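So the structure is just underneath, and the comments pick up after that.
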Amino acid sequence: MTKKDFFRIVLRILGLYFLSMVVFNYLPSIVVFFHSLPFLSLILAIVVVSLFAYIFLLLILKPDPVIRIFKLDKGFDDDALSAKRIEFVNLLKIAIIATGLFLIISHLPTFLTHLLFLLKLVVKNRNEITDHVESALLTDYISWGIKILSLIVGYLMITNYSAIARFIIKKDSEKQTDK
């Protein structure tokens, strides 16, 4: 199995996870906001669902552009992954990439959904917040910060996985020489 094949499998699994997150967690919350301004809600829901569908189809049907964009198959010593001779550094790189992808996949739908709600609230109220739920959504800075930080950290983990793995191995070797 090549590295590219492995990352195709991982991205497809993450695509299925993304689909389950969207269907069971985020689509029901979009439906809640349909009662006020139904036309605008419909347009925004179509845009968000289209974006979710695009991400899902990209992860499931066309994972190669994602592999190319994030350069997931670069930075390894060998093109083939063999279970007999998996080195610690390669396993560490794969774990870093998987963690970064998980951060992005788990927080991107929530971030996009909250962004949709924020846009709808701004358009609906013209900056006049009338409902307690609406004001809570706008002022939940901790939740917004966690989502944005998770997306940034996930992206940085994916794009810098080789340097992170070298850093961890360097720190581990320094600890072992100190003993």
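The values are calculated or read from the model by the stated rules, or taken from the named source; none is laboratory data. Everything numeric here is computed off the predicted structure, so don't read it as measured data. Every residue, glycine among them, receives a Cβ derived from its backbone with ideal geometry; neighbour counts consider all protein chains shown. Heads up: the accessible areas ignore ligands, DNA and RNA and are worked out on the full protein's heavy atoms, side chains in. Shrake-Rupley method; radii C 1.70, N 1.55, O 1.52, S 1.80 Å.
Using the Cβ-Cβ distance between residue 13 and residue 40 with R0 = 25 Å, the FRET efficiency computed as 1/(1 + (r/R0)^6) comes to roughly 0.10.
When all protein chains stay in place and ligands, DNA and RNA are ignored, the 1.4 Å accessible-area order of 155, 17, 161, largest first, is 155, 17, 161. By a 1.4 Å probe calculation restricted to protein chains, residue 12 has an accessible surface near 90 Å², given to the nearest 10.
Ranked from largest to smallest solvent-accessible area, with a 1.4 Å probe on the protein heavy atoms, 140, 79, 73 come out as 79, 140, 73. Computed from label points 7 Å out along Cα-Cβ, the spacing between residue 148 and residue 169 is 3.6 nm.
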